[in-house]
Amino acid sequence: MLVIVKNNYDSLSLEAAKVVADRLKKKPNLVLGLATGSTPLGLYKELIRMHKYEGLDFSKVTTFNLDEYVSLPPSHDQSYHYFMQNNFFDNINVDPRYIHVPQGMAKDVTQFCDWYEERIKSFGGIDVQVLGIGANGHIAFNEPGSSLGSRTRIKTLTSTTREANRRFFKNDETVPKYAITMGVGTIMNAKELLLVASGNDKADAIKSAVEGPLTAMCPASIIQMHKEAFVIVDKEAGSKLEGTYVDTWETIIFD
Ligand code: F6R
């Protein structure tokens, strides 16, 4: 695990974008795992800039998103499909046929989840998986207590998560109750992980994920077991770390 502490959100976004761009230049048909949420927005913005002004080419890339709400159609402005389309896909030259976001409207969710796992495998697995982290240590919709070996499946959202999401919906009833999410085991199968975190409210989660005991109560702590994981944080999110960490990946080469 390589922990990189940057001065601020912009420089952490730039650092993460450099890693993705480097992998993409080396492998034009990169299989990219993606996350929604506010943290990766700066990373996506920088990748869009690299595409527009530096010719970074996504035409052969395949993407797989981590999660989606059950029962929201892709056209719903709170769906993760909508988020990804607006904040990333519409602004790069990715082929729509190779974009994958879990289908919240799937008739048979279990069958869909099995298909998603197989589909990832059929592309040779995910090369780089972008991750955010919840203040409670969740990754994707794998909340504390999720099995560390879990695969793509339907999860009931915790009341805290539903309360946090309430502001985006008209009333309590319309806040989704379920989500489809890659499992912790699915995430761990990615060849590289790129976890980004920003702000003081992520400091405890980052401390537990990076330096705490490996536990299902902090699903992100599983990254300690990954051979090639990057954790890129700003000073605030890294403020509770006790170890000494680097400030760039560029001089570091994994064995
Ligand atoms: C979303 C996802 C979530 C977020 C996490 C952090 O696809 O996987 O686990 O990464 O909730 O969200 P932000 O970045 O908004 O703090």
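At a glance:
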read-out	value
Close pairs from the stretch 138-167: first within 18 Å of VAL210 (Cα to Cα) and in contact (Cβ under 8 Å) with a residue 12 or more places away in the chain, partner within 11 Å of the ligand (Cβ to nearest atom) and open to solvent by 60 Å² or more (accessible area, probe 1.4 Å), Cβ under 6 Å, at least 6 apart	PRO144/ASN136
Qualifying residues in the stretch 207-217 (those that are open to solvent by 40 Å² or more (accessible area, probe 1.4 Å) and in contact with a helix residue (DSSP H, G or I) (Cβ under 8 Å, 6 or more places away or on another chain)) - the one nearest to the ligand (Cβ to nearest atom)	SER208
Identity of the residue in the stretch 91-118, within 16 Å of the ligand (Cβ to nearest atom) and closer than 24 Å to SER13 by Cα, that ends up most open to solvent (accessible area, probe 1.4 Å)	ILE99
Count of the stretch 132-148 residues which are within 7 Å of the ligand (Cβ to nearest atom) and assigned to a loop (DSSP other than H, G, I, E, B)	6
Test result for GLY37, under 25 Å from LYS240 (Cα atoms), in a loop (DSSP other than H, G, I, E, B) and within 16 Å of the ligand (Cβ to nearest atom)	yes
Conditions (1) open to solvent by less than 70 Å² (accessible area, probe 1.4 Å); (2) away from the ligand (no atom under 16 Å from the Cβ); number of the one not met by ASN87	(2)
Meets criteria (outside any helix (DSSP H, G or I) and open to solvent by 70 Å² or more (accessible area, probe 1.4 Å)) for LYS121	no
Enumeration of residues in the stretch 177-206 that are in contact with an Asp or Glu (Cβ under 8 Å, 6 or more places away or on another chain) and surrounded by fewer than 23 Cβ atoms within 10 Å (Cβ to Cβ)	LYS191, GLU192, GLY199, ASN200, ALA203
Residue within the stretch 185-194 that is assigned to a loop (DSSP other than H, G, I, E, B), more than 30 Å from VAL109 (Cβ to Cβ) and among the small types (Gly, Ala, Ser) present	no
Cβ pairs under 7 Å, 6+ apart, first in the stretch 124-135 and at positive phi, second open to solvent by 10 Å² or more (accessible area, probe 1.4 Å) and in a loop (DSSP other than H, G, I, E, B)	GLY125/ASN189; GLY125/LYS191
Any hit, the stretch 45-56, residues being more than 16 Å from the ligand (Cβ to nearest atom) and not in a helix (DSSP H, G or I)	yes
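The values are calculated or read from the model by the stated rules, or taken from the named source; none is laboratory data. This structure is a prediction, so every number in the text was calculated from the model and none was measured. Cβ atoms come from the backbone with ideal geometry, glycine included; neighbour counts cover every protein chain shown. With ligands, DNA and RNA removed, areas are computed over all heavy atoms of the protein, side chains included. Shrake-Rupley method; radii C 1.70, N 1.55, O 1.52, S 1.80 Å.
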